[in-house]
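The block underneath contains the structure these notes are about, expressed in structure tokens.
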Amino acid sequence: MATALTPVLTRYWDQKDSYTVAGYERNGGYKGLRKALDMAPDDVIEQIKASGLRGRGGAGFPTGLKWSFVPQGDDKPHYLVVNADESEPGACKDIPLMLASPQQLIEGMIIASYAIRANHAFVYIRGEVPHVIRRMHAAVRDAKANGYLGKNILGSGFDLEIVVHGGAGAYICGEETALLDSLEGRRGQPRLKPPFPAVAGLYASPTVVNNVETISMTSQIMRYGAEWYSSFGSEKSPGIKVFAVSGHVKRPGIYEAPLGITMRELLDYAGGIREGHKLKFWVVGGSSVPMLTEDHLDAPLTYEGMEEVGTMLGTATPMVFDDTVSVVRAITGWLDFYKHESCGKCTPCREGTWWIDQLLHRFKDGEGKPEELDLLNELCGNILGRSFCALGDAAATPYPQALKLFPQEFEAGIHTPANEAFDPMASVVFPGVKTS
Amino acid sequence: MPLSDQTRVEIREIIAKYPEPRSALLPMLHLVQSEEGMVSTAGIEMCAEELGLTSAEVASVATFYTMYKRRPVGKHLIGVCVNPQCGILGGDKLWETLTEELGVDNDETTEDGEFSVERIECQAACTYAPAVTVDWEFMDNMDPDKLRETLAKLRAGEEVVSTRGAVIRDFCATERTLAGLDDGLADSGDNNADEIMLAGLTYAKENGMSAPLPGGDE
């Protein structure tokens, strides 16, 4: 039987005022917070642990466990920082969550801050999205006017201030320690770990950094219980996930479903591949994870299920490409991205992304040399595991898998430009423009 | 040219929101950029003074982030996402259209000072590919004809509305928004849930699917 869609975080999005306190309360919003404030903070952490919720920013680290790493009784201020620096090619789920249900995020932030005993919380939003930044600012004012933020929230004695912070264009700030440096008003470059942020994060104080979707979901877990949440998904990947399906499908968009749904099922909900074409490859977790093909459509979309087929669930925002798309052109585009976004701190990434990108461009232009196919693999091998943070690893990921799955396209790149082998106009989706 | 006293007052209001003053630097740089259309030496110096930093320290931050411009930007900044998805689904073609139409290349400004153009590496709008931005406001599901029409309207001073609701103003006005100042536009476009955001919810409702909830809660 097909896995049914289960809208939870997205279930009131069809109501015009879903983003206001009034609209959110009408749908039972802030009930989870009331339950949490009646509990001891440690019990809230236990409930999140018991739910099995894992970080939705890509790494999948257990959320409750992360919260429990914050030392208590240490006389230092604690901080919660929401990572809303969504910038990786493919990832486009947090922007909608902040637009249509910012109160859900704020409710989760109050719950998380109460649990880790923080009185200051931040939402670090990438700078290129003014519509989201203004919406979050307004949502914080709305929540404050209704007694959910500030002093003595709902008479609990708990105080919390939320600061909405706009970035300024740097994908690297999605890496949590780079984000913290950026939030301190510095260049956004990653820090050496350990110490981890839970011990020495913002202003060298204990800090939890969590993704937008992760924190939003804690509001629902507190409202409906850990047992309810963990009844969805698999043992190792419990719960519900917001999937964003993009590319050559008939209905690209947001689909919320239990973990363990398959790509075949998601494709079906998204209307299938556009008329007259076949699936060529798909990338499940953002451009940083190895691509898959038709052969993997029935693998469960869980953390372990994706590991089994040699990739990572990541952000669970599958990009879908049909048979008109050149693999060489696609991964060259991603390497342009990593080259542009490398922060320059460590040599393998700063230099390596340029080298990979240059070589890939040769294959894209039909000017690759046979021996460079191996050279590229060697370059990637020298970056993977040797860079300061995961950005370098990510840059080294697309090529080896693409070569393995589509060797003939790279061999063709020795004599034929990608744009001759695959007409770029066949891949466009302009409404009204005829596509082959 | 020195920056205005009003900017200095607003800088101090931004600083007051943070536990540590230096945390205000990124929004402060957006604010000085909103006054001058770029981060000038005067802007850097004002930020340095207010935070007790050297101008070199502030400059090192201002030059790290791609949204801070060290040369004057045109009235409107047009961005085209050229990364896959967008690039493949039409962004490359849109970039060609834009640069041909305006006769400028990446990071350049038209002679009349109306438009600057920028290649964007992923705008988190993959489900809306291909996406274009005008002063960072989203113009989703763009095509070449719509792009030409948008440019003509902007040039004529006619109203252009982002697909996410807000009316397009200009680059400097957006920079004030990014600094965190209230622009009164937070309610434009209702909750912004269009058919793309509602794709799954609509399918679920039409087919009787929902998440089972405990205790008879809705």
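Details
- Residue in segment B:190-204 that is under 18 Å from the mean Cα position of the chain (by Cα) and either within 9 Å of chain A (Cβ to nearest Cβ) or not in a loop (DSSP other than H, G, I, E, B) (or both) present: yes
- When every residue of segment A:235-242 is checked against the conditions, none turns out to be farther than 30 Å from A:S427 by Cβ, out of contact with any His (no Cβ under 9 Å at 6 or more places or on another chain), within 11 Å of another protein chain (Cβ to nearest Cβ) and surrounded by fewer than 19 Cβ atoms within 10 Å (Cβ to Cβ).
- Residue in segment B:128-137 that is of a type in the set (F, W, Y), within 13 Å of chain A (Cβ to nearest Cβ) and either more than 20 Å from A:Y171 (Cα to Cα) or in contact with a Cys (Cβ under 6 Å, 6 or more places away or on another chain) (or both) present: no
- Matching option when the condition is β-branched (V, I, T) and either away from chain B (no Cβ under 13 Å) or free of Cβ contacts under 8 Å to residues at least 40 places away in the same chain (or both), among A:V309, A:V320: A:V309
- Every test in (1) part of a helix (DSSP H, G or I); (2) charged (D, E, K, R); (3) under 30 Å from B:T127 (Cβ atoms) is passed by A:K144 save one, and that test is (3).
- Looking across segment A:22-43, the residues that are part of a helix (DSSP H, G or I) and crowded, with 22+ Cβ neighbours inside 10 Å come down to A:Y24, A:G32, A:L33, A:A36.
- Highlighted here are the helices (runs of 4 or more DSSP H) found entirely within segment B:1-117 that include at least 3 residues which are farther than 30 Å from A:D323 by Cα and aliphatic (A, V, I, L, M): B:5-16, B:25-36, B:41-51, B:55-62.
- Within segment A:156-172, considering residues that are assigned to a strand (DSSP E or B) and aliphatic (A, V, I, L, M), the one farthest from the other protein chains (Cβ to nearest Cβ): A:L160
- Of the residues making up segment B:147-196, those that are of a type in the set (A, V, I, L, M, F, W, C) and without any contact (Cβ under 8 Å) to a residue 60 or more places away in the chain are B:L147, B:A152, B:A156, B:V160, B:V161, B:A166, B:V167, B:L185, B:A186, B:A193.
- Restricted to segment B:142-169, and to residues there that are farther than 22 Å from A:Y19 by Cβ and within 12 Å of chain A (Cβ to nearest Cβ), the residue that is surrounded by the fewest Cβ atoms within 10 Å (Cβ to Cβ) is B:D145.
- The residues of segment A:381-402 that are surrounded by fewer than 21 Cβ atoms within 10 Å (Cβ to Cβ) and part of a helix (DSSP H, G or I), listed by number, are A:G381, A:N382, A:A390, A:D393, A:P400, A:Q401.
Here, each number is a calculation from the coordinates, and none is a lab measurement. Just so we're clear, the structure is a prediction, and the values are computed from it rather than from any experiment. So basically every Cβ, Gly included, is an ideal-geometry build from the backbone, and we count neighbours across all protein chains shown.
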